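K.L.:
Next up is a structure, given as structure tokens.
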Amino acid sequence: MARVGLRQIAEQAGVSVVTVSAALNGTGRVGEKKRAEIRRIADKLNYQSNTIAQLLKSKRKDAIGLIVNDSPGLIMSSGALGGLVVDFISYCEARAIKYRIEFVDPDSGKDCVPDILASGYVGGVVLAGYLRDHQTQFKSWLATHHDFPFVKFEEPHEFSVRTDFVKGVHDGLKVFSDGGHRNVALHVGPLQFDAHNLVNRGFRQGVGMLSLTCREEWIHNDTHGPNERDLKFAWFKGIMAAEERPTAMICAGMGASRNIINFAYRLGLDIPRDLSILGVGPAWQATAMYPHVSAIERDLHGMLKSALAILQRRMKGKGVTGGEKWIEPKLHLRETIRNR
């Protein structure tokens, strides 16, 4: 028989997972009538609470958790979070660290607190993925548990580890400039996602610092809309047909890099002779297409090492100064950049 979790009890009782946890553990401000109802539902579902749950909780205080908060499709396509999961498992296994991983799909329509937080399965958590506006219970739990050891991956937070994409894009533009490129373009994703915002900021700053040329129409902001591919092709075709056009482009994402390469071939252009491309994304995606894409790549190992060092110090009660830890990305030059 499958183990009953707090979420099933919460759904039947019409309350949050946090309320269920408080009712079953005798904590929090839960009325006696509601507490009795929750316990009745738990008994009906054969939920193993109280002594067993507390025993599990006490034994797992030294365990660390990884919560991946993103839709399954994006986890597979982006490359960053999938790689993080693999590195997280490898890191913990090599050091005999107890761990748990939970995937939360923010597009499922459910607003809840992840089980490993509500049930106390771990003593600290690394959170990867962008919290959506409608995830109110998740956000409320984090806001009311200030002392819980918690490190955010790639998003602003009191304790977070992030990629310095501004520095990475500056370095990429310097490669273009040193290679004789003067006209540069940018393909970037939705700016509400912080990584794309940093790429956009780094590009605009770097263009000014290196005295490069980028007309506003040479920048495409991907909205992920239904007709995005057609709009993107029309934009690319227009800028490449103009008398003055870019000779180099930064693409925020390997999917974007793949699209631009395909568009270039459709127009009879050669990569990198007619257009040099520098993508942002993991090595396994950059080398899974032809030609192999030059790329700004997250230092996942370095990020995870820093995140877990902060997390474990907090779990042991050692003082850790809050703030964002910035990790410099790696720049790998492959087949898509050519000097002019």
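K.L.:
Express in % the proportion of alpha carbon pairs of the stretch 281-334 at distances exceeding 19 Å.
P.N.:
45 percent
K.L.:
In a Gaussian network model over the chain where Cα atoms closer than 10 Å are linked, find which of N69, N200, N46 has the largest mean-square fluctuation.
P.N.:
Residue with maximal mean-square fluctuation among N69, N200, N46: N46.
K.L.:
Next question, about the same structure. Residues with beta-carbon under 12 Å from that of T321, excluding T321: net charge, scoring Lys, Arg +1 and Asp, Glu -1?
P.N.:
Charge balance in the 12 Å sphere: +2.
K.L.:
Related question: On average, how much accessible surface per residue is there in the stretch 219-340, in Å², for a 1.4 Å probe, leaving out ligands, DNA and RNA?
P.N.:
Result: 50 Å² per residue.
K.L.:
Helix 194-209 sits at what angle to the longest principal axis of the chain, using alpha carbons and giving 0 to 90 degrees rounded to 10?
P.N.:
30 degrees
K.L.:
Give the separation of the Cα centroids, the stretch 312-340 to the stretch 160-232, in Å.
P.N.:
One Cα centre to the other: 19 Å.
K.L.:
Compute the angle between helix 32-44 and the longest alpha-carbon principal axis of the chain, please, reported from 0 to 90 degrees and rounded to the nearest 10.
P.N.:
Roughly 80 degrees between the two axes.
K.L.:
Restricting attention to the stretch 192-243, which GluC sites (Glu not before Pro) occupy a DSSP loop and are surrounded by at most 16 other Cβ atoms within 10 Å?
P.N.:
Loop-located and lightly packed - E243.
K.L.:
With a cap of 15 neighbouring Cβ atoms within 10 Å, and only residues DSSP puts in a loop, list the trypsin sites (Lys or Arg not before Pro) found in the stretch 140-231.
P.N.:
R182, R215
K.L.:
Compute the acute angle (0 to 90°) between the alpha-carbon long axis of helix 254-266 and the principal axis of greatest extent of the alpha-carbon atoms of the chain; round to the nearest 10°.
P.N.:
Tilt of helix 254-266: around 30 degrees.
K.L.:
Taking θ as phi - 60°, what are the ³J(HN,Hα) couplings along the stretch 285-300 by the Karplus curve (6.51, -1.76, 1.60), each to the nearest whole Hz, with x for Gly and Pro?
P.N.:
Once θ is set to phi - 60°, the couplings for the stretch 285-300 become 7, 4, 9, 9, 10, 10, x, 5, 8, 5, 8, 8, 10, 4, 8, 4 Hz.
K.L.:
Also: Over the chain, with a Gaussian network built from C-alpha contacts below 10 Å, which listed residue (G317, G202, G189) shows the highest mean-square fluctuation?
P.N.:
Highest fluctuation of the listed residues: G317.
K.L.:
Expressed as a whole percentage, what fraction of the accessible surface of the chain belongs to carbon and sulfur atoms when a 1.4 Å probe is rolled over the protein heavy atoms?
P.N.:
Of all accessible area on the chain, carbon and sulfur atoms account for 51 percent.
K.L.:
Turning to a different aspect of this structure: If ligands, DNA and RNA are left out, what is the accessible area of I327 with a 1.4 Å probe, given in Å² to the nearest 10?
P.N.:
20 Å²
K.L.:
If you don't mind, another one. With Cβ to Cβ distances under 9 Å as the rule, what net charge do the other residues near N183 carry (K, R +1; D, E -1)?
P.N.:
Spelling it out: positives minus negatives among the neighbours equals +2.
K.L.:
Pick from T163, T247, T136: which is most flexible by mean-square fluctuation in a GNM of the chain where alpha carbon atoms under 10 Å apart are linked?
P.N.:
Taking springs between Cα atoms under 10 Å, the residue moving most is T136.
K.L.:
Right, another one. Rounded to the nearest whole Å², what accessible area per residue is found for the stretch 94-155 with the 1.4 Å probe?
P.N.:
Each residue of the stretch 94-155 exposes 44 Å² on average to a 1.4 Å probe.
K.L.:
Follow-up. Would you list which lysines come within 23 Å of K98, measuring only between C-alpha atoms, while excluding same-chain residues fewer than 8 positions from it?
P.N.:
Reachable lysines: K57, K59, K61, K152, K305, K316, K318.
K.L.:
Just for the chain, what percent of DSSP beta bridges are antiparallel, to the closest 5?
P.N.:
10 percent
K.L.:
Separate question: Counting each DSSP H run of 4 or more residues in the chain as -39500 (n - 2.57), what helix-only mean residue ellipticity at 222 nm follows after dividing by all residues, to the nearest 500 deg cm²/dmol?
P.N.:
-13500 deg cm²/dmol, from helical runs alone.
K.L.:
Sorted from largest to smallest, which semi-axis lengths in Å does the alpha carbon gyration tensor of the chain give for its equivalent ellipsoid, taking the root of 5 times each eigenvalue?
P.N.:
Working from the Cα gyration tensor, I get semi-axes of 46, 21, 16 Å.
The values are calculated or read from the model by the stated rules, or taken from the named source; none is laboratory data. The model shown is predicted, which means the values in this text are computed figures rather than measured ones. Don't worry about glycine lacking a Cβ; one is built from the backbone with ideal geometry, like all the others, and counts go over all protein chains shown. Only protein heavy atoms, including side chains, enter the accessible area calculation; ligands, DNA and RNA are left aside. Shrake-Rupley method; radii C 1.70, N 1.55, O 1.52, S 1.80 Å.
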